[in-house]
Every structure is written in structure tokens, then in C-alpha cells.
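The values are calculated or read from the model by the stated rules, or taken from the named source; none is laboratory data. The shown structure was predicted, so the numbers you read here are calculated from the model rather than taken from an experiment. In this analysis, Cβ positions are derived from the backbone assuming ideal geometry, glycine residues included, and neighbour counts consider all displayed protein chains. SASA here: full protein model, heavy atoms, side chains in, ligands and nucleic acids out. Shrake-Rupley method; radii C 1.70, N 1.55, O 1.52, S 1.80 Å.
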Amino acid sequence: MRQDWIPLNCGENGVKNKWKVNCLDRHVQTCPERVALIWERDEPGTEVKITYRQLLELTCRLGNLLKRQGVRRGDCVTIYMPPCPLAVASMLACARIGAAHNVVFAGFSSEALADRIRDAQSSTVITVNQGVRGGKVVDLKRTVDQAVQNCPSVQQVLVAMRTENTVAMTDRDVPLEEEMMKEDVVCEPVAMDSEDVLFLLYTSGSTGKPKGLVHTQAGYLLYTSLTHRYVFNYHDGDVFGCVADIGWITGHSYIVYGPLCNGGTTVLFESTPVYPNPGRYWEMVERLGINQFYGAPTAIRLLLKYGDEWVQNYNRSSLKTLGSVGEPINTEAWEWYHRVVGDGRCPVVDTWWQTETGGICIAPRPSDPEAEIVPGMAMRPFYGIKPALLDTEGEVLSSNDSTGALCISQAWPGMARTIHNHHQRFTETYFHPYPGFFFTGDGAHRSKEGYYQIVGRLDDVINVSGHRLGTAELEDVVNQCPGVAESAAIGYSHDIKGEGVYVFVVLKKAVMVEEDVLAQQLREMVSRSIAKYACPDFIQVVRCLPKTRSGKIMRRVLRKVVERNTDELGDLSTLDDPDSVHEVISGHRRLCGDGKQQ
Ligand code: WTA
């Protein structure tokens, strides 16, 4: 097995090009009035269309403003914005002047934002005064204000106005629209090497500290544009509706870079699947004439519960392909998506990939148009992707009908090149577990027919509504609570979110607190330190955690308890205190029997 394909801190350079010309300028030359972005704002029916010419203008003005504010090639700008045209223009403006961007999901707390700003060493942050989502106004600028108090690197915050409400501005703050209107509409793109950094994007791993994965110019753009075209069968003139947030890799690859590189029309969805009612997606499909719809299983499972009528009320004849991403899609949700949403006539592509892979790696399409699609399976590797399954001994499983650790055995253009400032962590995480292979962290099954089905994470990462969350990250927060001695966070299956968070807590000696009060306090802490979506559903106080004699928490046992598989606890002979398991089980029954905390 060749080992020399592991990216060595951004690999080999040489090809100079103006990559951003690929997303904007060349389309402006051929079709300036084509709609690039449809900004589907929170209130239905108030969408705003931005043509390629307008997007280029916005991007150039912003690029010039960033330059005027001292942003240089090689800097990293943090963007904390909801999906909106200025967020896309900000990403493209950074790319145009040779700066990297670091988009932070606007649902993250000020502490999580501050961590990411510090790690990226950003001197510039771009945000909006307020966000609007599901009819609610969120004070994003205030979150940035709190974050930058603890970020000495930040010299300026550019503030766009999403609502008309004024917010307190300091000397550090720059009114974005006002200042960009003073700038020229021409901004010459800088020539970048193919292996120069395009962006960082933080994601959770199995340690407490999120990692800033680094994507570079040429390979990433090539890979996202190809997968966008071939997995979704995207054609000129189609309207592509990816309802992810731009703060995640799905938004980067399939709202911004893939579709724009292909000269496509792409939707920026600001709202939620249930605002103002559970028909929102399908009403939008009808109104905007969406041809490819790309969403998450968690939303499909939620909508399925509201019944078919919310779908059937709207005309979905524009739909040609339906996509799913972020977590396994169960058969029931897949069937409903296919039969009800797609009227049984649209291929459903369950796309497997990761922040690390840059773009889709396994999906039912492209393939022969008539080729079968098995519900709930990602199935076929994309061009150039060579998956391998490895057993616990590190041996390649070469036969079909086998299950193992999902690895990729040769480089592909979209792969992340490093972790920002931590190249060693990059090689250790992805290349050391199975030497010669890229390890994805997922397990997979290869069927008799040779199709791949993702089984789930093999590491300590929980997938809540398609968002990754490290158990160590959660435990770090919970352990900061003064009464808590130690904790263990476990993922359990949740019928809407895919996985929910269950935390076991051991209190310090002599600490007396009501479980409900503690639960409330811990949820507030998690929400303040990470984000709302990370909040535990259940918090159980235990006398001690089941541990091996060497002091390692037996997560396997805890997982069985929360999954109610107590008949299959496995070998407990290595446990330090066998009674602890029985106490944990009875505590779990007490807590979940009445479902009190959920
Ligand atoms: C999971 C999102 C099953 C998987 C693009 C992966 C999936 C992690 C699928 C990456 C799928 C993503 N089926 N599981 N179709 N797609 N995953 O980095 O565990 O946010 O490793 O990228 O989500 O999450 P990330």
C-alpha cells in the first residue's frame, strides 16, 4: 500500500490560477443576468434574487473593503452570519483577495465562536446585526461582542444589517453596507496556487477541542463542482435547493462552491422546516420551482410525523432528484421522502461524506439511469473514490457481505489537507489508525452486491440532527460545573434527531442538589459553551461510573443501558465495582420511565 499520498501540509503547488473567476467572472461573461442566488428569507414569499452580475459586484466591493481594512492574502476572516447573499459574498470576497474564510455556524454560542476565532487567529469578523429564523430575532452581533472580548487578535467587526434595528456600535465596528458602497465594483482576483488555503471549517472530533480542517483551492472546487453536477444530475437552468446552513460543510460545498462553479442557481434558506407550518419546504419548492432538493434525515423524520397533506398541498412537479445528507436515513423516512415528496418518480440519493472529504464520496448516483437504488444506502463510490473496509486487526476485508471500519485507500481532490496549526493531529487522527489508509471514523457494511451502507460513528462522536458533537467536548463543559466530579456523555437513538445526548454525572462528595435543578444548570452551561442543539436530553446522577480496574469508563456498558439493551451488557468481569451497573440501570429506569426531562 502506498503511503506517500498523505497530504504533507498542503502538498505540492505549482498551478497558478484565479479560482474565484470560476465561480463568478466567467458566468458574468456568458450569462450576467442569470440568477445565482435565491435568498429564501424567513417570511415565505419575500425571496430576493441576486444575479451573477450583482453577486460579482457585491463580492468586489466587499473584497475592496476588506483590503481597505487591512485584510491581506494569507489572513483568515471569521464569518458569523446566517445564510444570506452577503454571507456568500463575504466568502467569495475572502477567496478573491487570497484570504481564507472561517465560517462559524450562527447557532454556536459566544464561547464556541471565541474558541474558533482564537484558533484561526482572525483579526476580522463579519456578522449581521440580528438574525431572523422561524419568526424569531436573534442578536448575533451581541454574541460576537461577547466573543471578541476574549479574542485579542480581533481588530474589527464588519456588521451587515439584516433587520432595521440598530445595535450598539463601537470603534472596532464597521457598518458593512455603508462602507462597501464607497468601494469600487472592480476588484482584481489574486492568482492563487492550487494548494493555497481556501477555507478552514471547524468540526468536532473525539477530543474536547474542535479541529479546523483546511481545504485548498483547486481540488476542492473541482470536486464539489463535479459531485454537484453528477450526483444530483444538475443541468443548466435548474434551481438547486440545499436547505443546509452555510455554517456547515454541506452549505459550503452544495450551496456555495459546487453550484456557483457550475453557473447554477442556488437557494439560500434562512428559515426552518416548520415555519410558518410544516408545509414550508414544499411550498418553497413550488414557488421557486426547485429541481433538486437536498436536505437532512432529521427534518424528513420530523415532517413525516405531520402527515402527507402538508406535502400534497403543493405542486412538486419541478422536483427531479431528492438528496439526503448528514446521518443515516432510516428506511421509513427514505420511503416517505421517495413516495410522498417525490411522488415515487425522483431518485433519492443518500449521500455519504464528511467535512474532511470536502464533497460527496458515496451515493447511488451517478450510475446507469435505471440502476437500482436501495433505500437507506449510500451504495456507490463516486469517481476516483476507493473505499476499503478494515477489521479490528487492521486487515482489509476483501469479500462482500462484510462490515468494518470505513477507510479510503487513495487520495481524491476534495480531501482536507491538514488541521489548521495541528498537522500532527491530522495525521494521527486520519492516517495512523490504519496505516496507508484515510480513516473516516465511520463503520460501514458492504452488501453481497457490493453496495456500501454506513453503520455509524466508531469514535466518540455523537451525531445530533446531523451535527457532530464530541463526547469529550460535552464532558469538558459538564465537568466545569462546581458540583460535578466527573461525567460521561453518551449518544442514544432519538426518533427525530437521530441521536440525542444522555449524560451521566457523579457529584462531588457532600454536594446535595435536586436532579432537576442540576439538569437545568448543566443545560444552560452547554448552551452557553457550545450551542443549543448540544443540550443533553437526559442527565442522570450516579454514585459512580462503571469503570475498568484501570480506571477507564466503560462507555460500551453505558451505551447499552441508554439503548435499553441491558440483556446484552457483555463481559463485566473487568469492572471495578459491579454494583455500579445495577445502580445505573435502576437510575435510568427511574429517569426515563416517566420521560420527565426530555
Ligand atoms: C455522518 C456532513 C450516514 C457520518 C456532510 C460522517 C452520514 C459525518 C451520512 C460527517 C450519510 C454524513 N449516511 N451517515 N449519508 N452523511 N454522515 O462532517 O458519521 O458534518 O462521518 O459532514 O456524518 O459529518 P459532517
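Taken per residue, the accessible surface of the range 399-529 reaches 40 Å², heavy atoms only and a 1.4 Å probe. FRET efficiency for the residue 410 to residue 367 pair, using the beta carbon distance and R₀ = 22 Å, is estimated at 0.60. Here, the range 38-102 has an Rg and a Dmax of 12.8, 40 Å when only alpha carbons are counted.
The Cα-based radius of gyration and maximum Cα-Cα distance (Dmax) for the range 163-229 are 18.4, 46 Å.
Pick out, in residue order, every one of the chymotrypsin sites (Phe, Trp or Tyr not before Pro) in the range 360-468 that is DSSP loop and has at most 13 other C-beta atoms within 10 Å; say none if there are none.
383
Under conditions of 20 °C and 1.002 mPa s, the range 219-325 yields 153 µm² s⁻¹ as its translational diffusion coefficient, taking Rh as the Kirkwood radius over Cα pairs in the Stokes-Einstein equation. What FRET efficiency comes out for the pair residue 163/residue 332, r = Cβ-Cβ distance, R0 = 35 Å, nearest 0.05? That pair, residue 163 with residue 332, gives E of 0.35.
Entry for the range 320-360 at q = 0.19 Å⁻¹: log10 I(q)/I(0) = -0.56, Debye formula applied to identical alpha-carbon scatterers, no solvent contribution.
When the chain is described by a simple charge dipole with +1 on each Lys and Arg Cβ and -1 on each Asp and Glu Cβ, the residue from 558, 419, 291 located farthest towards its positive end is 419.
If each residue of separation counts as 0.36 nm, what is the full-extension length gain between residue 432 and residue 579 once their alpha-carbon separation is subtracted?
This chain segment gains 49.2 nm when fully extended.
Values of log10 I(q)/I(0) for the range 210-252 across q = 0.30 Å⁻¹ run -1.18, by the Debye formula with one identical scatterer at each alpha carbon and no solvent.
Measure off, as a whole percent, the carbon and sulfur share of the 1.4 Å-probe accessible area of the range 148-215, all protein chains present.
On the way: 1570 of 3140 Å².
Here it works out to 50 percent.
Report the far tail of the P(r) of the range 81-216, meaning the percent of Cα-Cα pairs longer than 26 Å. That tail contains 24 percent of the Cα-Cα pairs.
Descending by average beta-carbon neighbour count within 10 Å, the peptides 166-178, 319-331 line up as 319-331, 166-178, the highest first.
Between residue 383 and residue 26, what FRET efficiency comes out of the Förster formula 1/(1 + (r/R0)^6) with R0 = 30 Å and r the beta carbon distance, rounded to 0.05?
0.80
What is the range 124-200 by shape, rounded, prolate or oblate, if you read a ≥ b ≥ c off the alpha carbon gyration tensor as root eigenvalues and call it rounded for a/c under 1.5, prolate for a/b larger than b/c, and oblate otherwise? Could the numbers behind the result be given before it?
Details: a/c = 1.76, a/b = 1.50, b/c = 1.17.
In terms of gyration-tensor shape, prolate.
Here the relative contact order of the range 425-481, from alpha carbon pairs under 8 Å that lie six or more residues apart, stands at 18 percent. Rg over Rh for the range 290-433 works out to 1.04, both radii taken from alpha-carbon positions and Rh defined as the Kirkwood radius. Helix 85-97 axis versus longest C-alpha principal axis of the chain: approximately 80°, rounded to the nearest ten.
Working out 0.36 nm times the residue gap between residue 393 and residue 512, then minus their Cα-Cα distance, what length gain in nm do you get to one decimal? It would help to have the intermediate numbers written out before the result.
Numbers: separation 119, 0.36 × 119 = 42.84 nm, distance 4.63 nm.
Residue separation times 0.36 nm, minus the Cα-Cα distance, leaves 38.2 nm.
Its relative contact order, with pairs defined as Cα atoms under 8 Å and 6+ residues apart, puts the range 496-598 at 29 percent. Dividing the Cα radius of gyration of the chain by its Kirkwood radius returns 0.96 for Rg/Rh.
Exceedance of the 21 Å cut-off in Cα-Cα distance is limited, within the set 509/547; 211/497; 209/497; 386/497; 508/560, to 211/497; 209/497; 386/497; 508/560. With the simple spin-label model, which puts each label point 7 Å out from Cα in the Cβ direction, the residue 421 to residue 528 separation comes to 2.5 nm. Between residue 520 and residue 472, the simple label model (points 7 Å from Cα in the Cβ direction) yields a spacing of 3.4 nm.
Quick one, can you get me the convex hull of the C-alpha atoms of the range 355-466 expressed as volume per residue in Å³? Once divided by residue count, the hull of the range 355-466 is 119 Å³.
Treating each Cα of the range 13-124 as an identical point scatterer and summing with the Debye formula, the log10 of I(q)/I(0) at q = 0.15 Å⁻¹ comes to -0.73. Dimensions of the range 497-597 from C-alpha coordinates, computed as largest minus smallest value along each principal axis and given longest first, are 39, 36, 26 Å. Each residue of the range 516-531 was assigned a 3J(HN,Hα) from its phi angle through the Karplus expression (A = 6.51, B = -1.76, C = 1.60, θ = phi - 60°), giving 5, 5, 4, 4, 4, 5, 5, 5, 4, 5, 5, 5, 6, 8, 10, 5 Hz with x at Gly and Pro.
Once C-alpha pairs closer than 8 Å and six or more residues apart are averaged by separation and normalised to the residue number of the chain, the relative contact order reads 12 percent.
Using only DSSP helix segments of four residues or longer, with each worth -39500 (n - 2.57), what per-residue ellipticity at 222 nm results for the chain after dividing by its residue count and rounding to 500?
Rounded to the nearest 500, the figure is -8000 deg cm²/dmol.
Pairwise Cα distances in the range 156-305 exceed 24 Å in 53 percent of cases.
What length, rounded to one decimal in nm, is gained on full extension from residue 567 through to residue 149, with 0.36 nm per residue of separation minus their alpha-carbon distance?
Numbers: separation 418, 0.36 × 418 = 150.48 nm, distance 5.11 nm.
Computed gain between residue 567 and residue 149 is 145.4 nm.
Based on the mean of other Cβ atoms within 10 Å per residue, sort peptides 217-226, 110-119 so the most packed one is first. Please report the intermediate quantities before stating the final value.
Working: 217-226: 23.7, 110-119: 21.5.
By packing density, highest mean first, the sequence is 217-226, 110-119.
Taking every pair of alpha-carbon atoms in the range 427-508, give the share separated by more than 20 Å as a whole percent.
Working: 1657 of 3321 pairs.
Tail of the P(r) past 20 Å holds 50 percent of the pairs.
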